[in-house]
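The values are calculated or read from the model by the stated rules, or taken from the named source; none is laboratory data. Since this is a predicted model, take the numbers as computed values, not measurements. Counting neighbours? That spans all protein chains shown, and the Cβs are built from the backbone with ideal geometry, glycine included.
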Amino acid sequence: MKRLMVVASMAMCVMAGGVQAAEPVDLDVVAKIRHEAFNRSQAAANLKELTETVGPRLTASPNYTRASAWARGKLSGWGLVGVHDEVFDPAFGRGWEFSSARIEMLSPRQVPVHALPKAWTRGTDGPVEGEVVLASFKTLTDIDKQRGKLRGKIVLLDDARAYKPAEKADFRRYDETELGELQTFPVAADAEPDAQEKRLEEYRKRQALTKALNTFLAEEGVLATLSLSSWDNGIIRATGGGARKADEPVGVTELVLPTEHYNPLVRAVQGKQPVRLRIDVDSRFTSEQDLPASNTFAEIPGTGGKAGEVVMIGAHLDSWHTGTGASDNGAGVVVMMEAMRILKAIGVKPRRTIRLALWGGEEQGLHGSAGYVARYLADYPAPTDPEQKALPRAYQRGTGPLQRQRGYDRFSTYFNFDNGTGRIRGIYAQENHAAVPIFKAWLEPFADIGATIVTTRNTGSTDHISFDRVGLPGFQFVQDPADYFTHVHHTHLDTYDHVVPEDLKQAAAIIASFAYHAAMREERLPRKPFLERDEK
């Protein structure tokens, strides 16, 4: 097969050790990938199945189990090998699901109220009615101030918030000015010396308050709590509440209301009107004990002497519960599955193994990817201090230097997809400057479908961070904002109708090409200089 070369603008820059050679790009394979991706895509159909047949996928829930079985069936049917689930946490938390939430105002007038429960909160065991009151719990001392006052009440936990009209378009693409700005690197101001400790202390206080408040509300006999959604325009953003772990206090039914339905309740209570609600929430724990949580894997095996080295692509399979997790992150799941299907369909024989990972527990703190990295690649020794052990893994300070596993030196790179439906416009190089000319070359054949930029900036908050934190190349793509942060992120509107099928095709083609070329390089993808964090 004739191999053609694409030379990125930076591919001849002087590097340590001499002039960097042009990065090879196999345009014959790119053409096959594009044809398969654009003419025989299964991404949209698979997303419809995942979101509208399986539904939302809270980690450790029955639906998550169904989703992983669905994914394994698809991957096996395409002829991928090593298709399996693997437990990353033997006691992640209790299973939980909900079926319905019906809330009605009975007085001062009769009207339905829109609300949805937080995950891992108890149901009402049938309809309950109670007076609505307003109470603030900002510190532990606030609990004592309310003791003996709230039995049989429905408690508003937040003050009213003034409605703020949206300043950005509901759905948007990056324009050339914005893409240009993304290619500049913002130099951060000096952080406060104790900023990290302050964040940890605030986290500890929030955790202590949550546990104490859950215990108090249940003992006090509160019927339910109502909280204010963080977005306006009728959008309900609801994540976790109650207690995921079996040994933690669950509290009471916790509901989130949109601004437009929450504010009138506050004003009525403050106006001394007798506000009364009827609430009927059908939610339940599906297990009394903490359940294991797993990731799902599949591979295209490498061939020849580099078969033991690994290129990974991945997305998180779990979602929150009020929508169907289409943008966050069903889109990523089907795009990464589609990339593997494309590579298998066109019959590539990669030198390195290409491994797909569908992660669990991302929404609760990157648990699935962090568990994989710790087991097979590297991790810091677990802390022994009880206060540290109680923190999320990303906050913990270990007891020594990074411990590398056998797979560390055989690992090439990880590519992640987790910013909704938005089409790929480029990639974040995560300050890996040696990777920049490589990515520019790989993107060149996709400039005609909008993917053009490589930014040296970092981006965070998703599974590539689990790799980056231990010095391994992990990357997230630059995606159009679409309506990710205006309508769908962690909201009840995160459904199939907010996804653009053409974006999924474009992303799958680019990721398939990136995975293939990473697997075919003579060398692993370069690693940026790694400064181990201070463990003292």
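Is it fair to say S136 is touching a Pro at 6+ places or on another chain (Cβ under 9 Å) and of a type in the set (S, T, N, Q)?
no
Filter segment 358-374 for residues that are free of Cβ contacts under 8 Å to residues at least 60 places away in the same chain and not aliphatic (A, V, I, L, M) and give the result. First the steps, then the outcome.
Initial filter on segment 358-374 (free of Cβ contacts under 8 Å to residues at least 60 places away in the same chain): 365, 374.
Answer for segment 358-374, where residues must be free of Cβ contacts under 8 Å to residues at least 60 places away in the same chain and not aliphatic (A, V, I, L, M): just G365.
Can we say V478 is buried (at least 22 other Cβ atoms within 10 Å of the Cβ), touching a Gly at 6+ places or on another chain (Cβ under 9 Å) and farther than 26 Å from A326 by Cβ?
No; evaluated as a whole, the condition is false for this residue.
Determine whether segment 176-185 contains at least one residue that is in contact with a Gly (Cβ under 6 Å, 6 or more places away or on another chain) and in a loop (DSSP other than H, G, I, E, B).
First, pick out the residues of segment 176-185 that are in contact with a Gly (Cβ under 6 Å, 6 or more places away or on another chain): none.
No.
Might you let me know whether segment 29-36 holds any residue that is assigned by TED's automatic domain parsing to the domain that holds E338, under 30 Å from L525 (Cβ atoms), under 23 Å from the mean Cα position of the chain (by Cα) and modelled with pLDDT of 95 or more?
no
Please give the number of the condition K211 fails out of (1) assigned to a loop (DSSP other than H, G, I, E, B); (2) basic (K, R); (3) touching a Pro at 6+ places or on another chain (Cβ under 8 Å).
Just one mismatch for K211, condition (1).
Kindly indicate which of I424, I465, I449 is at pLDDT 95 or above, surrounded by fewer than 22 Cβ atoms within 10 Å (Cβ to Cβ), out of contact with any Ser or Thr (no Cβ under 7 Å at 6 or more places or on another chain) and within 20 Å of L358 (Cβ to Cβ).
None of the others qualify; the one that does is I465.
Do any strands (runs of 3 or more DSSP E) lying entirely in segment 267-372 carry at least 2 residues that are surrounded by fewer than 21 Cβ atoms within 10 Å (Cβ to Cβ), and which ones are they?
Values: elements: 276-285, 291-300, 310-316, 353-359.
Result: 276-285, 291-300.
Give me the residue from segment 373-393 that is of a type in the set (A, V, I, L, M) and outside any loop (DSSP other than H, G, I, E, B) and, out of that set, nearest to P56 (Cα to Cα).
V373
What strands (runs of 3 or more DSSP E) lie completely within segment 35-115 and have 3 or more residues being in contact with a Ser or Thr (Cβ under 9 Å, 6 or more places away or on another chain)?
Ranges flagged: 81-93, 96-107.
Within segment 381-423, track down each residue that is of a type in the set (D, E) and within 24 Å of E522 (Cβ to Cβ). Before you say what the answer is, go through the steps one by one.
Residues of segment 381-423 that are of a type in the set (D, E), as a first pass: 385, 387, 409, 418.
Hit for segment 381-423 is D409, nothing else.
Just one of T59, T65 is surrounded by fewer than 21 Cβ atoms within 10 Å (Cβ to Cβ), among the polar types (S, T, N, Q) and within 24 Å of E363 (Cα to Cα); which is it?
The conditions single out T65.
Please verify whether segment 165-173 includes one or more residues that are in the same structural domain as S227 (by TED's automatic domain parsing) and under 30 Å from H433 (Cα atoms).
Checking segment 165-173: at least one residue is in the same structural domain as S227 (by TED's automatic domain parsing) and under 30 Å from H433 (Cα atoms).
Of all residues being of a type in the set (S, T, Y) and in contact with a Leu (Cβ under 7 Å, 6 or more places away or on another chain) in segment 397-413, which is surrounded by the most Cβ atoms within 10 Å (Cβ to Cβ)? Just the residue, please. Give the steps one after another, and end with the answer.
At the first step, the residues of segment 397-413 found to be of a type in the set (S, T, Y) are 399, 408, 412-413.
After this cut, where a residue has to be in contact with a Leu (Cβ under 7 Å, 6 or more places away or on another chain) as well, the list is 408, 412-413.
Details: Y408: 16, S412: 22, T413: 27.
Among those that are of a type in the set (S, T, Y) and in contact with a Leu (Cβ under 7 Å, 6 or more places away or on another chain), it is T413.
Could you check segment 21-34 and list, in sequence order, the residues that are buried (at least 20 other Cβ atoms within 10 Å of the Cβ) and either assigned to a loop (DSSP other than H, G, I, E, B) or in contact with a Pro (Cβ under 6 Å, 6 or more places away or on another chain) (or both)?
Listed by number, the residues that qualify are E23, V25, D26, V30.
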